[in-house]
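First comes the structure, then the notes that go with it.
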2 protein chains.
Amino acid sequence: MSKQLVVLDAATGACCEPLTAAALESGQAETLAAMFKALGDPTRLRLLSMITSAEGGEICVCELTPAFDVSGPTISHHLKVLREAGLIEGDRRGTWVWYRPMPEAMRALATILGTA
Amino acid sequence: MSKQLVVLDAATGACCEPLTAAALESGQAETLAAMFKALGDPTRLRLLSMITSAEGGEICVCELTPAFDVSGPTISHHLKVLREAGLIEGDRRGTWVWYRPMPEAMRALATILGTA
DNA sequence: CGTCTGTTTAGAGACCTGTCAACCTAAGCT
DNA sequence: AGCTTAGGTTGACAGGTCTCTAAACAGACG
């Protein structure tokens, strides 16, 4: 459907050594910066935290929207940014849309930050 | 000298549970988002990676500037952003300025991302 | 004082965040 | 089926923020 970042050659080990080990290449830096940028907004960070800590591993948008002071379209926009950064994924199930975290992506970022 | 973010009640454990454990409060989200935002630029991410992976744990600005295609003032600006985010610190030593990473801050972010 | 290193300031242009309005899909009802 | 209502996303636009450069500034050394 829409573009999504892929850092997850992680499996191959091609990506994501801790920063303490080696400096980043220009290309890697760009991909990773896009993911960090997605986390660089308080609303998105709270959204991700609600999704990630949700029971059952997923949460309905209808539960997210009322938790914030911004309008529905704004939440939808932030979710799209997180989606395109590859940090979450969502799908429609009947009337409602449900979102899940993508743990590998978050683990990749954590690894970069040097929790070796 | 200048303001700097402090998340590092980390020592007290007051902060920074993994997102999988609990959703973030509004205040925490704001502080953490500011740190992630600092990482949300390719140039800054590469700067941080060079600083963090430098031998001896620190690096001279004079070694950073020539590695990028942007002008000196721009590098200086990005370093300031990283400094104010609490991710690095630097001091003048004679003619040159040297920068070091602040590992606790990076570890705090990694922990948030759930590498429990 | 003159030079070299690095930071700060000021400003132009691009990008991001939030809102309103329009749209699409699914479900319920006659 | 057709009509209506509700949940979410998309598009267009205003206002603020970020990134970058050029020029002026400050600190260290000869």
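The values are calculated or read from the model by the stated rules, or taken from the named source; none is laboratory data. Quick caveat: nothing in here was measured; it's all calculated off a predicted structure. Glycine also receives a Cβ, built like all others from the backbone with ideal geometry; neighbour counts cover every protein chain displayed.
Number of residues in region A:66-116 that are part of a loop (DSSP other than H, G, I, E, B) and either within 15 Å of DNA strand D (Cβ to nearest atom) or not charged (D, E, K, R) (or both) equals 13. Condition check: away from DNA strand D (no atom under 13 Å from the Cβ), more than 7 Å from chain B (Cβ to nearest Cβ) and at pLDDT below 85. Does residue A:54 satisfy that? It is false that residue A:54 is away from DNA strand D (no atom under 13 Å from the Cβ), more than 7 Å from chain B (Cβ to nearest Cβ) and at pLDDT below 85. Candidates A:23, A:110: the one that is more than 16 Å from DNA strand C (Cβ to nearest atom), among the aliphatic types (A, V, I, L, M) and within 19 Å of residue B:24 (Cα to Cα) is A:110. Would you confirm whether or not region B:22-32 contains a residue that is assigned to a helix (DSSP H, G or I) and touching a residue at least 60 places away in the same chain (Cβ under 8 Å)? Checking region B:22-32: at least one residue is assigned to a helix (DSSP H, G or I) and touching a residue at least 60 places away in the same chain (Cβ under 8 Å).
Looking only at residues in region A:69-116 that are at the interface with chain B (Cβ under 10 Å from one of its Cβ atoms) and farther than 19 Å from residue A:46 by Cβ, which one is modelled with the lowest pLDDT? Within region A:69-116, the match that is modelled with the lowest pLDDT is A:116. Residue pairs whose Cβ atoms lie under 9 Å apart, separated by 6 or more positions or on different chains, with the first residue in region A:58-72 and on the phi > 0 side of the Ramachandran plot and free of Cβ contacts under 8 Å to residues at least 12 places away in the same chain and the second part of a loop (DSSP other than H, G, I, E, B) and more than 11 Å from DNA strand C (Cβ to nearest atom), do not occur.
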